Every structure is written in C-alpha cells, then in structure tokens.
Amino acid sequence: MEKNSPNASSDKDAPVSDGVPAPEGPANLIDTDYVIGQDNVTTRRFGLDVDLHGKVFTISSLLILFFVFLTLALQDQVEPIFNAIFAFLTGNMSWFFLLAANIFVLLAVVLIFTPMGKIRIGGAHATPDFSYLGWFAMLFAAGMGIGLMFYGVSEPLTHFGTAIGGTSMEDGVRTDWAPLGAAAGDQDGAMSLAMAATIFHWGLHPWGIYAVVALALALFSFNKGLPLTMRSVFYPILGERIWGWPGHVIDILAVFATLFGLATSLGLGASQASAGLAYLFDIPNNDVTMVLLIVGISAVALLSVLAGVDKGVQRLSQLNMVLAFLLLAFVIAVGPTMAIATGFFKNLGAYLVDLPALSMPFGREDANFSQGWTAFYWAWWISWSPFVGMFIARVSRGRSVREFLIAVLLVPSLVSVLWMTAFGGTAIDQVITDNFQGVKDAALELQLFTMLGQLPLTSITSFVGIVLVMVFFVTSSDSGSLVIDSITAGGKVDAPKPQRMFWAIIEGVIAIALLLGGGLTALQTAVITTGLPFTLVLLVACYAIIKGLLSEPKG
Amino acid sequence: MFKKIMVPVDLAHKELLKPSLDLAADIAKLYQADTCYISVTANTPGALAKTPEEYAQKLEAFAKEQGQLHGQVVSSKVITSPDPVADMDDAIIQAIHDTNADLVIMTTHLPRRLDIVMPSTGGKVASHTDVSVFLVRHSD
C-alpha cells in the first residue's frame, strides 16, 4: 500500500537555505483568483465544526427534502409525470444517448494510443496513492459491483429468451424485445447474441462514460489546480463563471443525482436482499427486515466513511473483490468449465462483431431493445457518472492517462465479459442442457440464487452472494457520501468528519422513508432523467479533456 | 534531553497554533534541539495551495520563519493523503518514526463529547507512540 505518498514530502534535515525556493510544481496550473473554499461557511455549532459551500449545500439539501416530500405526499401524481419524462427521453432521445456514449468510448480508446497517454495525473512526478489491487478494487466496487450481482444472471437469460423467440411485427413495427435481428430458433446464435448484447451494456460503454468524467475531473483538479467538483470540468468553456450560478447548478445537480441514485438503489436493494434472505434462510420478507438491512448497511457505511478512503472504502472493496473472485472461480470450476472457458473468447468475439450494429444510434429496427434496454442503461450509467467519476478521480492521482484508461476502460470491460460469461452462460446452459426452467421463472432478485441452487454447496455460495450484495451496497454508500461531502464543501476533501457522517445517515433515512412511504421507483426514474443534462456535461468533459491534455507540458 | 522536536501544524489555522509554536521554540532553544514542522494535507487543490508541492514550499518558508525566532536547525515535511481527515493520526505517527523525533509538540482541542466517536488526533498520537508527546490546548 502506498498511502501517504512520499512524492511531495521534502524531509530536509539540512537547514533551510536563504531565499524563496523556485516553483517546482506543474507550471500550467489554471490562473484564477478563486480561492478554494472562499464561498464556504465555516462555523461551529453545537460543538461541531462545519465547513460547507453555503449555496450548494443549502439548495441541494432543500431540493432533496422537497423531492422526498413531493414523492411521499403526491406519489400517485408525480409517478406518471416522472414516467412520462422518462419515456420521452428513452423514446425520442435514444439516438442522443447512443451517439454520445459512442463518442465517449472512442475518445477513451483513442487516448490510450496517442502520445497524450503518457501524461501523468497530478504532474510528472506524482506517485500513486494506492496499489494496483486496491485501486482496481475501488474502481470496480464503485462502478458496477452491485449491478453485476443482480443482472449477471438475469440479463443474458432475458436476451437469450427474446432472441430465440424471433421477431414479431405489428403494423410494420417490431413488437418483440430481441436485440438486432434476433436469432429465431437458433440456440447457438441466440446465445451469442444474448451475451453480446449483455456485454455491450456492461462493457466499454459504461466504463467509457465513467472514464470520461473521471479523467476530466482528475485533470482539472490535480493538474490544473481547480477544486474537485463537477463544475471544474466547465472551466474551458465558462471560465471564471463556473464560480457563480452556472457552477452551483452543475454541482447541485450532481449532488441530487448521487444522493437519490444511492438512496433509491439502497431502498430497492434492501427489498431485493430481503427477498434473498427469505429464500435462503426463511427470514420473514417484510418491512422490518428491510429497514434493519438499511440500518445495518448504513451503520457499516458510517464506520467506513469515518475510517476514510484508505482504511474504510479500500479495505471493504478489497474484501469484496476477493469474495467476488471466489464466487466467480467457484461458478467456473463447478459449472460448465469448458463452455465458460471457450465462451469467454466466443462472447468477446461476438461482442466485438456486433458492437457496430448494437451501438448504431440511427435507423434501428429493434426499437424496443435499443430504447428500452440500451438507452435506459446509458441514461442510468450517465446519471451515476458524477458519483463514480468523482470517486475514481479522487483515487487515481499519480497514474498516467494511459494506465488510467486501461484500468478504467479495458480491464473492467474484460472482467464484465468473464463475469457475464460465467454467470449468464451457466444459467443459459442450465436451460439448454438440463432443461431447467427454474432460473428463468424466478423473480429477478432470486435468479442468482436459483442458479447457484443448481450447483453444489448452495448454502455457502448463496451466503457469499448475500454478503457480497450487502458489502457492495456499503462500498457504494460510503464512497457516495465522500463524494457528496466534497461537492457540498466546495471541492474540499478535508472538511470536518461530521459532514460525511451526515450524508451517510441522510442516505439511509431517505431510503427508509421512501421504502415505507412508497415512491422508490418513481424517484429512481427521476434520477435517471438527470442522465440527459449530464450527457451534455459529459460532452463538455470530452472537450475539456482534449483541451486540458493539449495544454500539459510535453515530455 | 531532546534532540529532535516534531511539530505537526496546519497552516490553515496558524492563529490557533501560537501556544504550541512558542513552546516548541522555547524547548528547542533550551535543549538546542532540531525542529521539524510537519503537515498532513490533501493531494487535491485546497485553499492554501493548488498542489502538494506548493504547500510544501509554504511549509518550508514557515519553518524558516520559525527558525529565525528560536535560532535552531529547522526542517519541514509534508505528507499528502487522498483523505487527510481520516489518515491524519496514522500519518503523524508514521512521521514520528520517519523524522526520528524524540518529542512531539502539538496543538489539541479541549475534550468534548464527540471524542467518543472521533478521538482527538493528539490523544490518539500520544497513545500510539513511545516518544514523549506534549499536547498544548488551544483556546477557542
């Protein structure tokens, strides 16, 4: 572990010589008069120190309260509104999401191979704060850990079902949900199409989205000297205006998306984990169990944010990586090992072959799939990107751009391919070879456990599965609280501890309120609609990355 | 009695540090001890400095200023961390070892109820090192 990097330490035991030392830091910091924290309110109330960005903290807190109240009080009224906005976005704007996501992936891939890949985040002499293993574990846990647990089995299986079912038309419009041209009655074709489509949603594109946000933030913070908040990405376009309202709005939107994204997925996740517990251990699946789960997860997250990035988030992420790896190795070993081994390369090949067709923004015949699945996923990943991107940026100082992109884009994509091949492939194999329909018929949150139920040592693997789900929630919750805390503190990462505790607690409280009062799905829909404004933010981030990298010193 | 004094400082709160700085200067003079001023700071841009290097320069200048007051040998050391609030205690304990200090003089706040959840840095450092630690209360 390389914490407390010695790069910047200047342990000079010799007497300090006369004269002011010459500047040795990167010479191309952005020249601004803005002092980080100058808009902050620092005070002490009830024995607690406070250091907050007045406007961002106050308005986002009020906005969050308002939305919680709105959804609780007027649930039946707001839900159709959110749904209508969302249907409009995925229906009419799907081309925009698909096109934008392609741009992000292209930029990220191209940068790996350009000389700009050599530029180091934090300046030429910066050294990494975390080991490769710790770094990668955190990237993965923040990025999609929890999703892989829920969709690793169900998504390949769903696409397999629709693909093999073939296409159906009504009034010249496709009514089926199959990807591309389907593979009617063709088992092998349907399987490879299903895997390609799933990997497409969990591969280069989501990670390209995260990579763009994270790289833009990291560059403008560590190399250009701007605060670590979303607004800094807009500096190349808005200049000094980012310190005013345009910047406040961007940051408030990021807090909104992050907090509600976390709270709603914590609430929905608790109901899924509760169903899993009921299935496995006959624990009653009711509100009490769910509330206890949220309280438990929030409590561990609270301890973790107090322990900090290094001793809290990193350790939990590493624990999770080990558990996830054991589960993966187990499924590969006792599942259809050969099929998974060959499947990995077959699926990777199928993904690359189908990639151009799947990512085509225009003239799609498979509207249900490209709008209902792909555009939905893209909006979802993008609405998560401020949170995941900021967290990735924070832990990536000292990596070169090339190293960063390989670790954030290529490696996780390959892990997704392997994960989907093992979990989805095993489930499809159970359907094809053993004619076992159980997984297909099971509820979404139980599909993983039903699949594991067909393999040996069920009680152990299912228990590991449940623990993984819960720890992934903890790592999302704690890293999310750290991100929200630094945005609402005007980009400071050293704001007093009670503030990060506040956000970790609020997240759990909102999850419980919405779980009991209803409205989790409605609000989650509202969060995903923030994908649209953030797509614009990300396009700006692309421009900012290029501009920022070009202005870095050569050599 | 003491050969090397380590003084953890936060340049953002210079005004609170005065008692501990004065004490460090007196003891340095008395025992003709070297003094090392250390800071644990974020690796992200902050109010005082946009890069850890810039912070290091400021701390070096600060150490020199202090040296002129007490006339002993001074040095400075900046420890950067992705999460300084959480890593502070361990970073200071590590720095005692790295700087070979035999006395730590640091400012600490008055005991308060919150200490049960978040122990004060000074208290934590004192209970995790075998060198002498002098905790100086600041008034607030």
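The values are calculated or read from the model by the stated rules, or taken from the named source; none is laboratory data. This structure is a prediction, so every number in the text was calculated from the model and none was measured. Counting neighbours? That spans all protein chains shown, and the Cβs are built from the backbone with ideal geometry, glycine included. The protein model used for the area step is the full one, side chains on, heavy atoms only, and it has no ligands, DNA or RNA in it. Shrake-Rupley method; radii C 1.70, N 1.55, O 1.52, S 1.80 Å.
The table below lists the values:
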{"item": "Verdict on B:Gln57 being facing chain A (nearest Cβ under 9 Å), surrounded by 18 or more Cβ atoms within 10 Å (Cβ to Cβ), in a helix (DSSP H, G or I) and of a type in the set (S, T, N, Q)", "result": "yes"}
{"item": "Search result, residues across segment A:46-92 that are open to solvent by less than 40 Å² (accessible area, probe 1.4 Å) and within 19 Å of A:Ala375 (Cβ to Cβ)", "result": "A:Phe82, A:Phe86, A:Leu89, A:Thr90, A:Gly91"}
{"item": "Any hit, segment B:32-53, residues being in contact with a helix residue (DSSP H, G or I) (Cβ under 8 Å, 6 or more places away or on another chain), modelled with pLDDT of 90 or more, of a type outside the set (Asp, Glu) and farther than 19 Å from B:Asp98 by Cβ", "result": "no"}
{"item": "Boolean, A:Thr127 is over 29 Å from A:Val331 (Cβ atoms), in a helix (DSSP H, G or I), hydroxyl-bearing (Ser, Thr, Tyr) and in contact (Cβ under 8 Å) with a residue 60 or more places away in the chain", "result": "no"}
{"item": "Exclusive hit being crowded, with 22+ Cβ neighbours inside 10 Å and within 28 Å of A:Gly531 (Cα to Cα), set A:Gly312, A:Gly308, A:Gly343, A:Gly267", "result": "A:Gly267"}
{"item": "Close pairs from segment A:431-460: first assigned to a helix (DSSP H, G or I) and at pLDDT 85 or above, partner open to solvent by 70 Å² or more (accessible area, probe 1.4 Å) and among the polar types (S, T, N, Q), Cβ under 9 Å, at least 6 apart", "result": "A:Ile432/A:Gln187"}
{"item": "Matching option when the condition is part of a helix (DSSP H, G or I), modelled with pLDDT of 85 or more, more than 7 Å from chain A (Cβ to nearest Cβ) and touching a helix residue (DSSP H, G or I) at 6+ places or on another chain (Cβ under 9 Å), among B:Ile105, B:Ile96", "result": "B:Ile96"}
{"item": "Residue match in segment A:171-184 (condition: surrounded by 19 or more Cβ atoms within 10 Å (Cβ to Cβ), out of contact with any Gly (no Cβ under 7 Å at 6 or more places or on another chain) and more than 14 Å from chain B (Cβ to nearest Cβ))", "result": "yes"}
{"item": "Selection within segment A:305-339 - of a type in the set (Val, Ile, Thr) and farther than 21 Å from A:Val388 by Cβ", "result": "A:Val322, A:Val331, A:Ile332, A:Val334, A:Thr337"}
{"item": "Subset of segment B:15-45 (residues that are farther than 30 Å from A:Ile30 by Cα, among the acidic types (Asp, Glu) and free of Cβ contacts under 8 Å to residues at least 24 places away in the same chain)", "result": "B:Asp22"}
{"item": "Test: A:Lys346 is under 25 Å from A:Gly181 (Cα atoms), charged (D, E, K, R) and in a helix (DSSP H, G or I)", "result": "yes"}
{"item": "Candidate set from segment B:66-93 (those that are outside any helix (DSSP H, G or I) and open to solvent by 30 Å² or more (accessible area, probe 1.4 Å)); member that is modelled with the highest pLDDT", "result": "B:Val73"}
{"item": "Single residue of B:Ala24, B:Ala63 found to be more than 9 Å from chain A (Cβ to nearest Cβ), crowded, with 20+ Cβ neighbours inside 10 Å, of a type outside the set (Asp, Glu) and not in a strand (DSSP E or B)", "result": "B:Ala24"}
{"item": "Members of segment B:27-54 found to be assigned to a loop (DSSP other than H, G, I, E, B) and buried (at least 20 other Cβ atoms within 10 Å of the Cβ), listed by number", "result": "B:Ala33, B:Asn43, B:Thr44, B:Pro45, B:Gly46, B:Ala49, B:Lys50, B:Thr51"}
{"item": "Selection from segment A:27-45 of residues that are part of a strand (DSSP E or B) and open to solvent by 60 Å² or more (accessible area, probe 1.4 Å)", "result": "A:Val41, A:Thr42, A:Arg44, A:Arg45"}
{"item": "Unmet requirement for A:Ser304, which otherwise passes all of (1) within 14 Å of chain B (Cβ to nearest Cβ); (2) on the phi > 0 side of the Ramachandran plot", "result": "(2)"}
{"item": "Failed item in (1) touching a strand residue (DSSP E or B) at 6+ places or on another chain (Cβ under 8 Å); (2) within 14 Å of chain B (Cβ to nearest Cβ); (3) at pLDDT 75 or above, with A:Gly54 passing the rest", "result": "(2)"}
{"item": "Number of positions in segment A:478-492 that are on the phi < 0 side of the Ramachandran plot and either assigned to a loop (DSSP other than H, G, I, E, B) or surrounded by fewer than 24 Cβ atoms within 10 Å (Cβ to Cβ) (or both)", "result": "2"}
{"item": "Residue in segment A:380-392 that is more than 20 Å from A:Gly152 (Cα to Cα), within 14 Å of chain B (Cβ to nearest Cβ) and in a loop (DSSP other than H, G, I, E, B) present", "result": "no"}
{"item": "Candidate set: segment A:397-417, residues that are surrounded by 19 or more Cβ atoms within 10 Å (Cβ to Cβ) and hydrophobic (A, V, I, L, M, F, W, C); chosen: the one farthest from A:Ala141 (Cα to Cα)", "result": "A:Val401"}
{"item": "Pairs with Cβ under 9 Å, 6+ apart, first in segment A:92-106 and in a loop (DSSP other than H, G, I, E, B), second open to solvent by less than 30 Å² (accessible area, probe 1.4 Å)", "result": "A:Met93/A:Ala375; A:Met93/A:Ala379; A:Met93/A:Thr535"}
{"item": "Test for A:Leu455: is it open to solvent by 10 Å² or more (accessible area, probe 1.4 Å) and in contact with a Phe, Trp or Tyr (Cβ under 9 Å, 6 or more places away or on another chain)", "result": "yes"}
{"item": "Residue among A:Ala495, A:Ala422, A:Ala504 that alone is open to solvent by less than 30 Å² (accessible area, probe 1.4 Å), in a helix (DSSP H, G or I) and within 14 Å of another protein chain (Cβ to nearest Cβ)", "result": "A:Ala504"}
{"item": "Enumeration of residues in segment A:124-138 that are surrounded by fewer than 19 Cβ atoms within 10 Å (Cβ to Cβ) and either at pLDDT 95 or above or within 14 Å of another protein chain (Cβ to nearest Cβ) (or both)", "result": "A:Ala124, A:His125, A:Thr127, A:Ser131"}
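Every residue, every condition in (1) more than 30 Å from A:Ile546 (Cβ to Cβ); (2) crowded, with 23+ Cβ neighbours inside 10 Å, yes or no:
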{"site": "A:Val109", "(1), (2)": "no, no"}
{"site": "A:Gly122", "(1), (2)": "no, yes"}
{"site": "A:Met149", "(1), (2)": "yes, yes"}
{"site": "A:Gly152", "(1), (2)": "yes, yes"}
{"site": "A:His159", "(1), (2)": "yes, yes"}
{"site": "A:Ala163", "(1), (2)": "yes, yes"}
{"site": "A:Thr167", "(1), (2)": "yes, no"}
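Here's the yes/no breakdown for (1) more than 22 Å from the chain's Cα centre (by Cα); (2) in contact (Cβ under 8 Å) with a residue 40 or more places away in the chain:
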position: A:Asp282; (1), (2): yes, no
position: A:Asn286; (1), (2): yes, no
position: A:Val309; (1), (2): no, yes
position: A:Phe344; (1), (2): yes, yes
